[in-house]
Each structure stands twice: as C-alpha cells, then as structure tokens.
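The values are calculated or read from the model by the stated rules, or taken from the named source; none is laboratory data. In this text, all values refer to a predicted model and were calculated from it rather than measured experimentally. So basically every Cβ, Gly included, is an ideal-geometry build from the backbone, and we count neighbours across all protein chains shown.
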Amino acid sequence: MVAARRLLRPLLFVGVPVAVIAAVVALWNWDWLIPIVQGRASSMLGRQVTIEHLHVQLGRVTTVDADDVRIANPAGFPENGDFVRIARLSAQADVMAYVRSREIVLSAVALERPQVQALQTADGNNNYTLELVGPSAVKIGDLRISGGQARVVIPSLKADFALAIATREAPAAAPGTQTTDSQIVVDAKGTYAGQPVTGELLGGAPLSLRDAQHPYPVALKLANGATHISLAGTLTDPLTFGGADLKLEVAGPDMRDLYHLTGIAIPQTPAYRIAGQLDYADHKFRFRGFRGVVGSSDLHGTIEEDPGQERPMLTADLASTKVDLADLGGFIGTTPGRQSTANQSAAQKRELARTEASPKLLPDTPISLPKLRAADVKLHYRGEHILGRSVPLDNLVVNLSVIGGKIALEPISFGVGRGRIAGTAVLDGSGDVIRAKAAADFDHVDVARLMAATHMFGGAGAIGGHADIVTSGNSLAQMLGNGDGGLRLLMIGGDLSALLVDLSGLEFGNALLSALGMPQRTPVECMIADFSLQKGLLNTRTLLLVTKEANVHGIGWVNLRNETIDYKLNTKAAHFTVGSLHAPIDISGPLKSPRIRPEAGGLAMRGGAAAALAVLMPPLAILPTIEFGQDESRECAARISSIQPSERAKAAPAATAPTSHPRHRSR
C-alpha cells in the first residue's frame, strides 16, 4: 500500500495536468479568440473587421486561417456592403523571428476569392483611405491570390472599371536566366476619364517584392481611349517604386488626353509617339532620354515631376531638331497640325477643316483656369530648325514657367537670319480673368531671310522695332480684342512685291501691286510704321513706305475685337508719269479674307487724297525711338527728308480713328 501511494502521487502531479491539457486540446475552439483578433485588426485599420471562423496550426512557423474576413466601409459611408471581403485568408507567421527581434514576418500569405469595392462618392468621400495604426514593418514573402475581383468607382476621374487579380505559375524561364515561382496578373476593363480603358499588368513573384538582390520585373500595357501606354523593366523596391529601370512608351492622337493620367495640363497636340526611360529617385519621377514625334516635329529631352508639393511640379528640358510651327498651335488656342500631318484621326481632320473654314482668324479657345492652376511647370524648349517652305523663321527658344496659375514667357525667341524676334509675356491666371502684359523686340530681322522664304524674290536689309500690349481675357482672341499698346517698325532694304505678298500674308498681293502701280521688283529704301492699340483697335499713326519708284502712305485701322479691317493705301510716284495716276486702294472686310479694290472716284480726288492720307506723326520723330544701327537710321532719315514736307508731315483730321469701333462703309 505504501508503495502504491508513493507511485500514485507523481502520477497525479503529472497525469492531471496532462489530462487537463489533453482535454483542452480536444475541446479547444480557436473561434474563442476571434473577438481578440477582430479588436486588434479593427484598431490597426480604423475599420470594423469581422471573421467568421479561425483556425491555427502551432509550430515554429505557425499557420493561421481565417474564413469570411470582412473589412467594413467607414462609419457613415452611404454605400451598403463591405470595402473588402475575403473568402479565406491564410498566413504563415515566423514565430522565432518575432521572439528574436519583435519583427512580424509572414513567409506566405494566400487570399482566396478576395473582393474589393473601392468607391468614391459625388462629394469626394471614399472608402479606400485607411488610417493604419500599429507595426508598419511587416515583411510579406510569397503572396498567392486566386479569383480576386475589384471594382473601382471614382466620379471625379470619370472612372468605373473592374479588376481581375490572380497569381499564376510563371512560364518556364529561358536557359541561363533566373526562374520565378509565380507571377501576379491584373486585368482591367471599364472606363477612365470618360473613355474606355483596358489594361494588363504582369508582375514578378510576390515573394520577391522586398528582395533587393533580385529586381522585380514589371510589364504593363494600358489603353485609355486612343491613348496607349506600355511600361516594361524592373524595380529594386517595387513597394516604393525604388531602383526603377523601366522603358516607357506613350502614343496617342492628342497629348491633351494625358491630363487625367498625369494631372498635368498639356495643350492640344497632333498625334504623337514617344519612348524613354522612367525612374524614381529623391521622391521625383523622371522620364529621361526620351525621343519621339509630335505631328511632323521630332521631340526629345527629359521631364521630371515632383508629386510631393502642394501642386505637382513639372520640370522639362525639351528640344526638336526640326519643328513644324503648326504642331504648336494648341499653345495659342488654335487647332494644331495640318491636313497632311501623319496619323491624324478623322475627328482631328474634321476639326482642322472647321478651323480653316471658319471666318475667324484669331484663336478663341478659352484657357482652362482650373487646369492652369492644377500644376506648376518650368519648361525650356529649343527648336533648332523650323520646317516650312514659306516660313521665314529659322529657330525657336522658349523659357516658360507656370507657378500658381501665373504664366511667364521669359523669353520666347525666333531667329530670322542674322536677326531675332524676342518677346516676353506675363499672364496672371489666379483670378477669374487672365491679365496679361507682353512685349516683343525686332532686332535686325533679316529681310533676305524673309525674301528667301518666297523662293521667288531676293532682297537685303533689316527690320527693327518694338511691340507691346497690356490686356485681359481668357483666350488669345479676347486678349487681342481688349488690348492696349502699340507697334513701331523700321525697315531698310528689301523687295516690295515679296514684302506685300509674303510678309503680310495677303493673298491678293499681285492685284495690290498692279493697283499701286509698282513693278514686281521695287527696292525698299525705307519703311516706317507706327500703330497704336486701344481696346483692340489697331490704328495708324504713321505708315510710310519709300522706294525709288514711289512713296506709299497708309491710313486706317484693324479692329481686333470683331476681326475686321478698314484701310487705305495711296501711292505717289517719285517721278510723274501718266501711268502714275493710280487711285487709292481700299482694303476692308473680314481680317481673314479682306476685299481689295480701288476707291470709287479716286482719280478725281487724287489731289486731295495725298493730304487726306498723309501721315499723322512726323516720321523723323519716330526714328530715335527704334533701336537700330546709326548708319541705317541716317540713311532712312535722309530719304524721308527728301520727300516734300506737305506729303510727310501734314495732319489730316479725316484720317483719325473713330472713338468707337468702326463699321464698314456700305458699297
């Protein structure tokens, strides 16, 4: 008995706890821990989290399975249902890693049939912004997804698209290359920016998301409307877009469509295709070394975007070896490109046809003030050679900044032979109406280069002068129609016929020459022009053209508000001949297609017409106001002095512009 008692005592001390543990194991239900797990998860995500069932397999690597996991929408969110619902979530946790360093390591995570509803309401609230609280250093190894579905609805982006998300076994790798266990595949279909969107993303093995030793491969193809984007390469740290070595290709009919993808307002362009390297460093995205075409122009350079500012900051250094100015039409509000521009869509050709058929000459497309304020821009652009048989400009340099809706062009410069046209402009779009101030200087603009553009005439000499404007308006047409300022030009040398036909852009040059009694090649000895601009009315103070054959006086106005012209030119032969008795020429009508005809009764009034058309401001007083070479100015002054004073200095009350905008005289 004593021996039995001695044996029973240790059996009780050992057997009872073992029996209790066995009973607990046999009867234990891991669902009892669900309230604790739900509370912890809800606290970390700031959302209510619910779990239907919980299963745990203990070990050095412990496996946790949760059935029917739901993450609720935010409190007060109008949509019914959940933000996330997962049929089954399995995770393998490295217990020893947590014991050693308090580091959470999930060596494998599997999601079965996850469903996500990412929604934004009309007032801008959404259910996908999470306020995470708790450990941020969670390392995730292999990730497996099967049957994943997501729906994204963002009214502010006009977006409603579905995503199918899954992992799959990677194709067999080529000999000598690294193999991956799986790929993540995302297919997209729906609408974005009001346009159909389709896309496919192929990523490397989720296990390598944080494996810096093996760059993570990425391949993306996206079509949004007619815009096509492809991105291929690797990321060293894909969770932060770090160590990017990616080739980006973008193509479409109009860069303006990229606004909803980039947040950067780009003016309307012709069809384009560009490709270059995309990387991310110092919290900035860089699209570097890209090359491509925009319309008939080539384009290359680097673009950098800093999205971390109050407004995205875009810095661009761009250049074109050859540029067609028609491709830049969107920057001034007109339809860019030509009917002959490659890859123009049918809609773009119809728009070009409407623009060409419109009676309006000045672009009246409003500047979008919200888009203007959406991002800040610093742009440097160089066009090394300007295309076009009849374009007298040689090159182009632009320095543009847009900061807080305020635009500065400092400067924009065109080369013309040995000379240059340089302008500056400041536009303030911070209010409801853009206020602008601009000026341009004509510095020895090469007449020979102007004449060479005609491919028919020669010439020599130069043009100098200055133009300025102060105005307001939300389109180029409004700004010119509201403008105050002036234009002064001095020209020495050149060819009158080519000047009238090509420099002025008039299509009736030959008829004008004939009516003025000028031979086809008449050297220009001196030209002085002085125009005032008041509330969109460009009025002539002085227009005197001196040649060996004759002297031409001009008077009248151009109404930029309603795009009409009412002008008169009078020719007086330097040496009287019977053929020199030509009637004054009347130019009137729409600015885009004016009428030209001899003035009725002009011969009968020939004597009085010279006085009526005399310049209003003495030409010699204008010369000191135009920066030009002293020799040329003296030569011009001498030639003007040889004209009879009555012809060059008499004021004529009949020639003054009306206080209100003129209406055309009936015929």
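Numbers at a glance
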item: Residue check for S42: of a type in the set (S, T, Y), surrounded by 14 or more Cβ atoms within 10 Å (Cβ to Cβ) and in a helix (DSSP H, G or I); result: yes
item: Meets criteria (part of a strand (DSSP E or B), at pLDDT 85 or above, more than 19 Å from V37 (Cβ to Cβ) and within 45 Å of the chain's Cα centre (by Cα)) for V69; result: no
item: Test: L119 is assigned to a strand (DSSP E or B) and either in contact with a helix residue (DSSP H, G or I) (Cβ under 6 Å, 6 or more places away or on another chain) or aromatic (F, W, Y) (or both); result: no
item: Subset tally (residues that are within 19 Å of G276 (Cα to Cα) and either hydrophobic (A, V, I, L, M, F, W, C) or assigned to a strand (DSSP E or B) (or both)) for region 296-323; result: 17
item: Lone unmet requirement of (1) within 19 Å of D254 (Cα to Cα); (2) touching a Ser or Thr at 6+ places or on another chain (Cβ under 7 Å) for I434; result: (1)
item: Members of region 253-295 that are aromatic (F, W, Y) and assigned to a strand (DSSP E or B); result: Y272, Y280, F285, F287, F290
item: Condition broken by M313, with the remaining ones in (1) crowded, with 17+ Cβ neighbours inside 10 Å; (2) out of contact with any strand residue (DSSP E or B) (no Cβ under 8 Å at 6 or more places or on another chain) satisfied; result: (2)
item: Filter result (in a loop (DSSP other than H, G, I, E, B) and not small (G, A, S)) within region 72-99; result: N73, P74, F77, P78, E79, N80
item: Some residue of region 463-484 being crowded, with 21+ Cβ neighbours inside 10 Å, of a type in the set (S, T, Y) and modelled with pLDDT under 85; result: no
item: Residue within region 499-521 that is outside any loop (DSSP other than H, G, I, E, B), of a type in the set (A, V, I, L, M) and modelled with pLDDT of 75 or more present; result: no
item: Residue in region 288-298 that is within 20 Å of S345 (Cα to Cα) and in contact (Cβ under 8 Å) with a residue 60 or more places away in the chain present; result: yes
item: Residue check for S101: without any contact (Cβ under 8 Å) to a residue 24 or more places away in the chain, in the same structural domain as V56 (by TED's automatic domain parsing), out of contact with any Gly (no Cβ under 6 Å at 6 or more places or on another chain) and more than 19 Å from D187 (Cβ to Cβ); result: yes
item: Those residues of region 217-238 which are at pLDDT below 85 and either closer than 14 Å to T167 by Cβ or surrounded by fewer than 19 Cβ atoms within 10 Å (Cβ to Cβ) (or both), in sequence order; result: T236, D237
item: Test: residue in region 272-293 that is buried (at least 18 other Cβ atoms within 10 Å of the Cβ), at pLDDT 95 or above and farther than 25 Å from L201 by Cβ; result: yes
item: Subset of region 316-325 (residues that are among the charged types (D, E, K, R) and crowded, with 17+ Cβ neighbours inside 10 Å); result: D324
item: Odd one out for S296 among (1) at pLDDT 95 or above; (2) in contact with a Lys or Arg (Cβ under 8 Å, 6 or more places away or on another chain); result: (1)
item: Evaluation of V416 against (1) free of Cβ contacts under 8 Å to residues at least 40 places away in the same chain; (2) under 24 Å from N482 (Cβ atoms) (one fails), failing number; result: (2)
